[in-house]
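Contents: one structure, followed by commentary.
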């Protein structure tokens with residue numbers, strides 16, 4: 001059964017009546033190098049400081065296309081907010097981003113999922129994680145990775161949050177780059193093994209043929225139809241990159257399987273969700289939405 005709650009969040013002096021209770025934990029951060037695919041992947045753990053033998057829920061955080069695990073500090077602030085509420089997180093740099101030593105040509109859905117799985121494995125084996133309370137959080141392209149994982153048999157996720165959600169990767173990238181330009185770069189990658197992609201923001205990204213092929217084949221909205229947990233969709237009222245049809249596709253896809261699907265709309269947020277702008281009110285609303293969702297969904 002689909003339960004859709006459309007919430008327009010506003011900044012308030014106190015917590016909303018629906019917010020799950022959370023205590024204010026001290027926070028500990030750990031920088032590490034994960035072993036994945038025969039290489040090292042930079043990662044960050046942010047965790048609450050609890051009592052001896054205390055175990056915490058875990059959220060695996062996935063950044064957007066080319067953004068890196070910190071997303072200009074935005075995902076670091078999210079991780080801090082989760083930890084203060086008693087939720088551990090781990091996030092990693094996908095190939096060619098952040099502190100990664102790999103070229104961007106190594107970025108594919110295959111490598112992103114492998115690195116995400118390596119992060120989860122490390123956390124479960126080495127940290128005080130409650131293995132029955134694991135969630136995934138994905139931003140932009142990272143949301144597609146999480147949706148794909150959520151729909152797999154024996155998915156570890158009990159709940160997922162998809163922000164600026166990408167339901168149809170080929171269509172989204174054709175819209176962002178321009179349809180003709182997308183196919184021109186695809187042809188360049190077919191000829192040379194990669195294309196010199198220049199994003200609308202001026203970034204040069206050597207994008208592999210494998211990335212193009214896997215993006216064209218990716219079906220996150222089809223995969224998440226098999227997910228039986230709880231889903232949060234986060235949408236910016238001023239979103240300029242992801243069409244609202246992507247949100248609607250996820251709402252429809254989760255109707256027959258998810259325990260619940262909740263849509264939260266954040267006033268003033270564009271596709272940067274406060275990560276690349278000075279919008280503390282957007283930060284506050286985003287943190288509130290994520291903390292409230294994961295506290296309830298992973299209890």
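Give me the percent relative contact order of region 177-299, please, defined on Cα pairs under 8 angstrom at least 6 residues apart. Please list the in-between numbers first.
Values: 135 pairs, mean separation 23.3, N = 123.
Result for region 177-299 is 19 percent.
Tilt of helix 141-150 relative to the longest C-alpha principal axis of the chain, in degrees (0 to 90, nearest 10)?
70
Helix 109-126: angle to the longest alpha-carbon principal axis of the chain, degrees 0 to 90, nearest 10?
In the chain, helix 109-126 runs at an angle near 30 degrees to the longest axis.
Subtract the Cα-Cα distance of residue 190 and residue 101 from 0.36 nm times their separation in residues, and report this length gain in nm to one decimal.
Values: separation 89, 0.36 × 89 = 32.04 nm, distance 2.47 nm.
Between residue 190 and residue 101, full extension yields 29.6 nm more.
Which residues does a label at residue 199 reach in region 105-138, if reach means a backbone N under 17 Å from a point 7 Å past the Cα toward the Cβ?
105-109, 112, 138
Residues in region 221-243 near a label at residue 255, defined as backbone nitrogen under 15 Å from the 7 Å Cα→Cβ point?
Taking a point 7 Å out along Cα→Cβ of residue 255, the residues of region 221-243 whose backbone N falls under 15 Å are 222, 225-226.
Once you have the Cα-Cα distance between residue 117 and residue 171, take 0.36 nm times their residue separation minus that, and quote the gain in nm to one decimal.
Once the chain is fully extended between residue 117 and residue 171, it gains 16.8 nm.
Expressed in nm to one decimal, what extension gain is obtained for the pair residue 213 and residue 281 from 0.36 nm per residue of sequence separation less their Cα-Cα distance? Write down the numbers at each step before the final one.
Numbers: separation 68, 0.36 × 68 = 24.48 nm, distance 3.90 nm.
Stretched out fully, the residue 213 to residue 281 stretch lengthens by 20.6 nm.
Using only the Cα atoms of the chain, build the gyration tensor, take square roots of its eigenvalues as a ≥ b ≥ c, and label the shape rounded, prolate or oblate: rounded if a/c is under 1.5, else prolate if a/b is larger than b/c, else oblate.
Judged from the Cα gyration tensor, the chain comes out prolate (a/c at least 1.5, a/b above b/c).
What order do you get for 142-153, 233-244, 113-124 when each peptide is scored by the mean count of other beta carbon atoms within 10 Å, highest first? Provide the component values of the computation, followed by the final result.
Values: 142-153: 24.3, 233-244: 17.7, 113-124: 19.8.
Put in order of decreasing packing, that is 142-153, 113-124, 233-244.
List the relative contact order of the chain as a percent without decimals, with contacts defined as Cα pairs under 8 Å and 6+ residues apart.
Value for the chain: 22 percent.
Shape of region 184-299 from its Cα gyration tensor (a ≥ b ≥ c, root eigenvalues): rounded if a/c is under 1.5, otherwise prolate when a/b > b/c, or oblate? Before the final figure, lay out the partial values.
Values: a/c = 2.67, a/b = 1.42, b/c = 1.88.
Oblate, because a/c is 1.5 or more while a/b does not exceed b/c.
Between 0 and 90 degrees, rounded to the nearest ten: what's the tilt of helix 244-253 against the longest Cα principal axis of the chain?
It works out to around 70 degrees.
Over region 85-187, calculate the relative contact order: mean separation of alpha carbon pairs under 8 Å at least 6 apart, over the residue count, as a percent. Let's see the in-between values first.
Numbers: 105 pairs, mean separation 18.4, N = 103.
The value is 18 percent.
Please state the shape class of region 88-165: rounded when a/c is under 1.5, otherwise prolate if a/b exceeds b/c and oblate if not, all from the C-alpha gyration tensor.
Note, shape of region 88-165 comes out oblate.
Count the DSSP beta bridges whose two residues both fall in the chain, then state the antiparallel fraction as a percent rounded to the nearest 5. List each step's numbers first, then the result.
Working: 19 of 51 bridges.
Around 35 percent of the beta bridges assigned by DSSP in the chain are antiparallel ones.
With each run of n ≥ 4 DSSP H residues scored as -39500 (n - 2.57), what mean residue ellipticity at 222 nm is computed for the chain after dividing by its residue count and rounding to the nearest 500 deg cm²/dmol?
-10500 deg cm²/dmol
Which value in nm describes the separation of the simple spin-label points at residue 24 and residue 238, placed 7 Å from the Cα toward the beta carbon?
Here the modelled spin labels are 2.9 nm apart.
Rule-based calculations on the coordinates, nothing more; no lab input. Remember, it's a predicted structure, so these values are computed and weren't measured experimentally. Here the Cβ is made from the backbone with ideal geometry for all residues, glycine too, and neighbour counts use every protein chain on show.
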